[in-house]
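J.: I have a structure here, written as structure tokens, and I will follow up with some questions on it.
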Amino acid sequence: MQSLVKHTLYLFLWITGLTAAMALAGIGYAWFSSEPKELPHLEWLIGSVIIEVVVVIIMLAKKGMKYLPDTQTDKEPKDTLKFMENFISMGTSATVVSNRVSWLVGDDKLTSILQSKIESGTRIEIITPSAVPEVLREKLKGASFIITKEPVSPESRFTLVNGDRSGAEKLAIARGVHPDHEITIFDNNSGPQIIAMAKDIIRKSKELSNAA
């Protein structure tokens, strides 16, 4: 399918180029001719070139936008928590990888959403290097807590939803601190390689946890 789209795009570019060359040749002939002549349909050629250029630009823009990840910058922690509520609610499974879970302990609304997802059959996993407070375990009964016990906290902070549904995954990666806390959201168009690496990190973390 991508090969067909590519060849169709090349065909449009060739047609645009030929139309532009014909229009320029006609303009040049009319301009430099010793006897001014009116060329039939020249205005149609010029109009066609303009339309074709616009169409090609739109096609390239649509194709390019498809492969760009979404981003957002949160100024306050409540904005990030709101994003997490919406993001996790989109999936049938969610794996949260974080170097700390203190942000989750104090957010009753998010833990309530997570608990309701668990009760409806959604698989929730939380991967972190340190022990999880008992109060959070009580709030999220049924969630899987994977403790890697790494001596140095990893820098990775991301959430993967639909990790068990190939092709439907969405990955949110966080960096920075508020008021410049940036979240980048990938799917299988904008970041299949990034999603694959996130899955590898999750798998390695589980292996590390089992070995500890």
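J.: When you go through (1) open to solvent by less than 70 Å² (accessible area, probe 1.4 Å); (2) out of contact with any Pro (no Cβ under 8 Å at 6 or more places or on another chain); (3) among the hydroxyl-bearing types (S, T, Y) one by one for S120, which number turns out not to apply?
T.: (1)
J.: Which condition does S153 not pass, out of (1) outside any loop (DSSP other than H, G, I, E, B); (2) over 15 Å from D200 (Cα atoms), if it passes all the others?
T.: Failing condition for S153: (1).
J.: Return yes or no: is L160 surrounded by 13 or more Cβ atoms within 10 Å (Cβ to Cβ) and closer than 22 Å to L81 by Cα?
T.: Values: surrounded by 13 or more Cβ atoms within 10 Å (Cβ to Cβ): yes; closer than 22 Å to L81 by Cα: yes.
Here the answer is yes, as L160 does meet what is asked.
J.: Here is a further query. I need the full set of residues from the stretch 72-86 which are open to solvent by less than 90 Å² (accessible area, probe 1.4 Å), assigned to a helix (DSSP H, G or I) and of a type in the set (D, E, K, R), in order please.
T.: D79, E85
J.: Test G91 against the criterion of being small (G, A, S) and either open to solvent by less than 30 Å² (accessible area, probe 1.4 Å) or in contact with a helix residue (DSSP H, G or I) (Cβ under 6 Å, 6 or more places away or on another chain) (or both), and give yes or no.
T.: On the way: small (G, A, S): yes; either open to solvent by less than 30 Å² (accessible area, probe 1.4 Å) or in contact with a helix residue (DSSP H, G or I) (Cβ under 6 Å, 6 or more places away or on another chain) (or both): yes.
Considered against the rule, which asks whether it is small (G, A, S) and either open to solvent by less than 30 Å² (accessible area, probe 1.4 Å) or in contact with a helix residue (DSSP H, G or I) (Cβ under 6 Å, 6 or more places away or on another chain) (or both), G91 comes out as yes.
J.: If I filter the stretch 8-61 down to residues being open to solvent by 60 Å² or more (accessible area, probe 1.4 Å) and of a type in the set (G, A, S), which single residue comes out as modelled with the lowest pLDDT?
T.: Selected residue: S34.
J.: Considering only residues of the stretch 128-144 that are within 14 Å of S93 (Cα to Cα) and in contact with a helix residue (DSSP H, G or I) (Cβ under 8 Å, 6 or more places away or on another chain), which is most open to solvent (accessible area, probe 1.4 Å)?
T.: Initial filter on the stretch 128-144 (within 14 Å of S93 (Cα to Cα)): 142-144.
If we keep only those that are in contact with a helix residue (DSSP H, G or I) (Cβ under 8 Å, 6 or more places away or on another chain) as well, we get 142-143.
On the way: G142: 65, A143: 19 Å².
Among those residues, the one meeting the criterion is G142.
J.: Of everything in the stretch 170-205, what is touching a residue at least 12 places away in the same chain (Cβ under 8 Å), farther than 15 Å from P154 by Cα and of a type in the set (A, V, I, L, M, F, W, C)? Give them in sequence order.
T.: L171, A172, I183, I185, F186, I194, I195
J.: In the stretch 193-212, which residue that is open to solvent by less than 40 Å² (accessible area, probe 1.4 Å) and not aliphatic (A, V, I, L, M) is farthest from the chain's Cα centre (by Cα)? Give the steps one after another, and end with the answer.
T.: Initial filter on the stretch 193-212 (open to solvent by less than 40 Å² (accessible area, probe 1.4 Å)): 195, 198, 202, 205, 209.
From the residues that got through so far, the ones that are not aliphatic (A, V, I, L, M) too are 205, 209.
Numbers: S205: 23, S209: 29 Å.
Only one residue fits best here, namely S209.
J.: Just give me the residues in the stretch 106-117 being surrounded by 15 or more Cβ atoms within 10 Å (Cβ to Cβ) and not basic (K, R), in sequence order. Break it down into steps so the answer makes sense when it comes.
T.: Narrowing the stretch 106-117 to residues surrounded by 15 or more Cβ atoms within 10 Å (Cβ to Cβ): 107, 110-111, 113-115, 117.
Scanning the stretch 106-117 gives D107, L110, T111, I113, L114, Q115.
J.: Quick check: is even one residue across the stretch 185-193 modelled with pLDDT under 90 and among the hydrophobic types (A, V, I, L, M, F, W, C)?
T.: No: zero hits.
J.: Taking S190 as the residue in question, decide whether it is open to solvent by less than 40 Å² (accessible area, probe 1.4 Å), closer than 30 Å to L68 by Cα and touching a strand residue (DSSP E or B) at 6+ places or on another chain (Cβ under 6 Å). Spell out the reasoning first.
T.: Details: open to solvent by less than 40 Å² (accessible area, probe 1.4 Å): yes; closer than 30 Å to L68 by Cα: yes; touching a strand residue (DSSP E or B) at 6+ places or on another chain (Cβ under 6 Å): no.
No; evaluated as a whole, the condition is false for this residue.
The values are calculated or read from the model by the stated rules, or taken from the named source; none is laboratory data. These figures come from a predicted structure and were not determined experimentally. Note that each Cβ is placed from the backbone with ideal geometry, even for glycine, and that neighbours are counted across all protein chains shown. Just the protein is used for accessible areas: all its heavy atoms, side chains included, with ligands, DNA and RNA removed. Shrake-Rupley method; radii C 1.70, N 1.55, O 1.52, S 1.80 Å.
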